[in-house]
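**Student:** Just dropping this structure here.
The values are calculated or read from the model by the stated rules, or taken from the named source; none is laboratory data. This one's a predicted model, so the numbers in the text were calculated from it and none came from an experiment. Heads up, the Cβs are rebuilt from the backbone with ideal geometry, glycines too, and the neighbour counts pull from every protein chain shown. With ligands, DNA and RNA removed, areas are computed over all heavy atoms of the protein, side chains included. Shrake-Rupley method; radii C 1.70, N 1.55, O 1.52, S 1.80 Å.
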Amino acid sequence: MKILISADMEGATGVTWPGDVLPGSPQWERFRHPFTSDVNAAVQGFFDGGADEVLINEAHSSMRNLLLEKLDQRAQMITGRHKTLSMVEGVQHGDVDGVAFIGYHTGAGTEGVLAHTYLPNSVTGVWANGARASEGLLNALVAAEYGVPVVLVTGDDKTCEDAKGYAPDARCVAVKDYVSRYAAVCRTPARTAADIRRAAREATVLAVRHEPPQRGPFTIELEFDAEHLVGAASVVPGVERSGERRVAYTSPTMYEGIRCFKAVTTVVSAAVEEQYG
Ligand SMILES: [Zn+2]
């Protein structure tokens, strides 16, 4: 049995503000440790539960955050950027039985610590076939296309609520409770590691790959905080204006859908000016 861990940082233990997750900052250096502790606890829990293989995919920013040298030696890790499926790279090869979202967070424009969807600013909302979409929901749709269920989600309490919508059977661990976008009631790394390890062990039984459902096509809509970003995003083939600050596109599969999403957010981030965004 093989488990894939998609590891994002905003939902890690103790993380509450941008400096905590900004590569190169002193706070980021500090929070690499609790982030690594969360991921390692999940690795250990999955091996406790009977997994044979655990592959970690770094999913935050530069995708160079976790401390490889601190990880359980049975795990392997994909480090670095430019991967076909981005945050869930590795799920597409037909050998993964379950995926865990560690350090996840809620979507742009919703309640939650460091809530956003891909871009820290600029995107104020994302919808997939009409449903409000977080990174968790989008990545769960990608994994589902390969028959892989989401078995474990960690983040703040709002992230756990969000996960009930896209992975109702998954185990969830709230490592902190939302107070504001930049504040939370945080539990210590020792406490959250114990909680995550236990939940991962219990979640291992849920890791059963199944026949992928036919769920496409997928219409993805994005809302921006400035009108000019519609013009910028619309250079991506298939992406059309759907409102004053909105674009939409339709993809037959989430394989296509998530790659187009990546293209749109990359183009949009390049179109943001320092002043007047
Ligand atoms: Zn994220």
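**Student:** Considering the range 131-142 alone, what residues qualify as being within 13 Å of residue 223 (Cβ to Cβ) and open to solvent by 10 Å² or more (accessible area, probe 1.4 Å)?
**Tutor:** The one that is within 13 Å of residue 223 (Cβ to Cβ) and open to solvent by 10 Å² or more (accessible area, probe 1.4 Å): 132.
**Student:** Using beta carbons and a limit of 6 Å, which pairs, at least six apart or on different chains, have the first residue in the range 33-56 and among the hydrophobic types (A, V, I, L, M, F, W, C) and the second one modelled with pLDDT under 95?
**Tutor:** none
**Student:** Right, here's the next one. Here is a check on your reading of the model: is residue 104 touching a residue at least 24 places away in the same chain (Cβ under 8 Å), surrounded by fewer than 22 Cβ atoms within 10 Å (Cβ to Cβ) and of a type in the set (Ser, Thr, Tyr)?
**Tutor:** no
**Student:** Condition check: modelled with pLDDT of 95 or more, among the basic types (Lys, Arg) and touching a helix residue (DSSP H, G or I) at 6+ places or on another chain (Cβ under 6 Å). Does residue 70 satisfy that?
**Tutor:** Judged against the criteria, residue 70 is a match.
**Student:** Given the criterion of a type outside the set (Asp, Glu) and within 27 Å of residue 182 (Cβ to Cβ), identify the matching residue among 55, 85, 138.
**Tutor:** Only one candidate qualifies: 138.
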